[in-house]
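The values are calculated or read from the model by the stated rules, or taken from the named source; none is laboratory data. Bear in mind that the values here come from a model prediction, so they are computed numbers and not experimental data. All Cβ positions, even for glycine, are placed from backbone atoms using ideal geometry, and neighbour counts span all protein chains on display. Each accessible area value is taken on the protein alone, full model and side chains, heavy atoms only, with ligands, DNA and RNA left out. Shrake-Rupley method; radii C 1.70, N 1.55, O 1.52, S 1.80 Å.
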Amino acid sequence: MKSFIADYVYPVCADPIKNGIVTVDDAGKIISITENQSTDLPPDSIERLSGVIVPGFINTHCHTELSHLKAKIVPGNGLISFIKDVQNFRNTEKQAIIAAAEAADAEMHDNGIVAVADTSNSNFTIDLKTKSKLYYHTFVEIFGFLPESAEDLFAKSLALAGEFKPQSVSITAHAPYSVSKELFKLIKRHSDSGDNLLSIHNQECEDENKFYRYKLGGFIDMYKHFGINIDYFRPQARNSLQSIIPLLTNKQKILMVHNTCTNLKDIYFIKRFDRKINWCFCPNANMYIEKRLPKVELFVNQGLNITLGTDSLASNDKLCILSEMRTLQQNIPSLSFDTLLQWGTSNGAKFLGIDNDKGTIEPGKTPGLNLITGLDGNKITPDTKVKRLI
C-alpha cells in the first residue's frame, strides 16, 4: 500500500482537493482519496510531493506502426505530401518497425499514458500489445477508394481483426478520401450488427473538402501518383464530413480525428443526424503536417465531446498527452488546465468504454497516477513536466 500527498489532487470527476492524499494498494487500485486534515494515516507513511496528482492519460489516436518514421518526414509540407512520404517507407524491414513500436510503447508509459487507441494496418504490433503495461484498443484501418475492391478489402480487414483477438479490436474506415461509398456501407452493416468502435481521420486539409465539393485540388494529383482511376467519382457539392455522415452507423461511438478544417456548418449538419460523434485533436501533428490548428473554440462552444491524441512519431517528436495539452493552451489561452485534463483523461476513457476503471481517480479504479509539476497556477508552462507515480 502507498499513500501520496500533493499540493492538489485532481480526481477529474470532482473538484480538485487541496493537500489531497491518494492511497493505493500494491496493484495500483485506489483505496481512498482524502483531505490531509481528515486522514488517519500516520504522517511518516505518506510520500509528500510538490505538484498536482492527476489520473493516467488516455491517448485516443496513435499509429505505433509508424514509429520508425520519426524525423524522416520533412514537416510543414501538407497532408498530401505527408501521405506520399509515408507510403514511400511502407517497405521498411519488419523487425525495425516492431523495435520502433516497442520503444514508442515504452515512451508512452514513461509519459504517463495508460491507454491507447492505436491504428493498425498489419499484425506487427500484436505481440507488443499482448505484453504491454498499457491498455490498447486496435483500430484495423481499411483503405480502398475503388468500389470494385470493397468486398475483398473488407474481408481482409475482418481477418486481420481476428488475429488481434482476444485483444480489444474493431475495424474502421481510414478517411473520406480513401474509402469508397461501397466500403463505407459494408463497415456500417458490420457496425450495426455488433460492437465496433469507429475512428476516422477527418478534414485534415482544405484539399479534402475541395475534392468532395468540386472534385478539384491536390487529391486529384495524389490519385494519379498512386495510379488510382477515380473517373467514377462525382463531386458531392458539400464538405467531406457532410458527405459521409449518412453512411455511418448510429449504433456505435465514432471518433472524428484531427478536424483541422471542420467548420461550424459541418458541426450544425452533424447535429441533424443521430450519430454518437466524439472529436479527437492531435495538435502537435496538425502543426507538423499542416502548420495550423483546428478551430477548437467552435467545438468547445458547442459543448462537444473532445479527446486528445498524439498521432504517430511520423508527425510528432514525442508521444505525450501533456505536450498536446501544452500546445493547445499556448495557442488558446482561454482553455483551462481543468478542461484540457478532462479531454486527456476521462473523456478518452469514456470513448473507449474503460471509464469503469480508468480516466478518473475514484476508489476501486486503477487509473494510474501522474504527478504534474511546473504549473503556473492553472496554466501549463514550458517547464511543466509529467512523472508517472503508479
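For the range 29-111, the fraction of 1.4 Å probe accessible surface lying on carbon and sulfur atoms is 49 percent.
Backbone phi angles across the range 125-130, fed through the Karplus curve with coefficients 6.51, -1.76 and 1.60 (θ = phi - 60°), yield HN-Hα couplings of 9, 4, 5, 4, 5, 5 Hz in residue order; Gly and Pro are listed as x.
Going through the range 310-390, which chymotrypsin sites (Phe, Trp or Tyr not before Pro) have at most 12 other Cβ atoms within 10 Å and a DSSP loop state?
Values: sites: Phe337, Trp343, Phe351; in loops: none.
Hits after loop and neighbour filter: nothing returned.
Between the helical axis of 94-110 and the longest alpha-carbon principal axis of the chain there is an angle of about 40 degrees. Here the dipole of the chain is about 1020 debye; that uses its Cα centre as origin and unit charges on the Cβ of Lys and Arg (positive) and Asp and Glu (negative). In this Cβ point-charge picture (+1 for Lys and Arg, -1 for Asp and Glu), the range 102-145 has a dipole of about 160 debye about its Cα centre. Of the cross-linked pairs Lys165/Lys210; Lys84/Lys156; Lys156/Lys251; Lys94/Lys215; Lys70/Lys185; Lys70/Lys365, which ones have a Cα-Cα span greater than 32 Å in the structure shown? Correct reply: Lys165/Lys210; Lys94/Lys215; Lys70/Lys185; Lys70/Lys365.
With a cut-off of 8 Å between alpha carbons and a minimum separation of six or more residues, what is the relative contact order of the range 283-382 in percent?
Value for the range 283-382: 22 percent.
Here the simple spin-label model places points 7 Å from the Cα toward Cβ, and for Glu35 and Phe273 these points are separated by 4.8 nm. Sorting 298-308, 371-381 by their mean Cβ neighbour count within 10 Å, with the most densely packed peptide first, gives 298-308, 371-381. Computed over the chain with a Gaussian network model linking Cα atoms closer than 10 Å, the most mobile of Ala100, Ala155, Ala115 is Ala155. If both residues of a DSSP beta bridge must be in the chain, then about 35% of such bridges are antiparallel. Only one residue of Tyr136, Gln302, Phe337 has its Cα farthest out toward the positive end of the dipole of the chain, where Lys and Arg carry +1 and Asp and Glu -1 on Cβ, and that residue is Gln302. Angle of helix 79-88 to the longest C-alpha principal axis of the chain, folded into 0 to 90 degrees and rounded to 10: 90°.
Decide, for the range 195-262, between rounded, prolate and oblate: order the square roots of the alpha carbon gyration tensor eigenvalues as a ≥ b ≥ c, take rounded if a/c falls under 1.5, and otherwise choose prolate if a/b is larger than b/c, else oblate.
Judged from the Cα gyration tensor, the range 195-262 comes out prolate (a/c at least 1.5, a/b above b/c).
Taking each residue as 0.36 nm, the span from Tyr8 to Ala106 lengthens on full extension beyond its C-alpha to C-alpha distance by 32.5 nm. If one takes the longest principal axis of the Cα atoms in the chain, at what angle in degrees, from 0 to 90 and to the nearest 10, does the Cα axis of helix 150-164 lie? With both axes taken from Cα atoms, the answer is about 30 degrees.
With point charges of +1 on the Cβ of Lys and Arg and -1 on the Cβ of Asp and Glu, referenced to the Cα centre of the range 1-136, which listed residue (Ile80, Ala99, Ile33) lies farthest in the positive direction of the dipole? Result: Ile80.
Ranking Ile113, Ser157, Thr327 by Cα position along the charge dipole of the chain, where only Lys, Arg, Asp and Glu carry charges on their C-beta atoms, puts Ser157 farthest toward the positive end.
Per residue, the accessible area of the chain comes to 42 Å², computed with a 1.4 Å probe over protein heavy atoms only.
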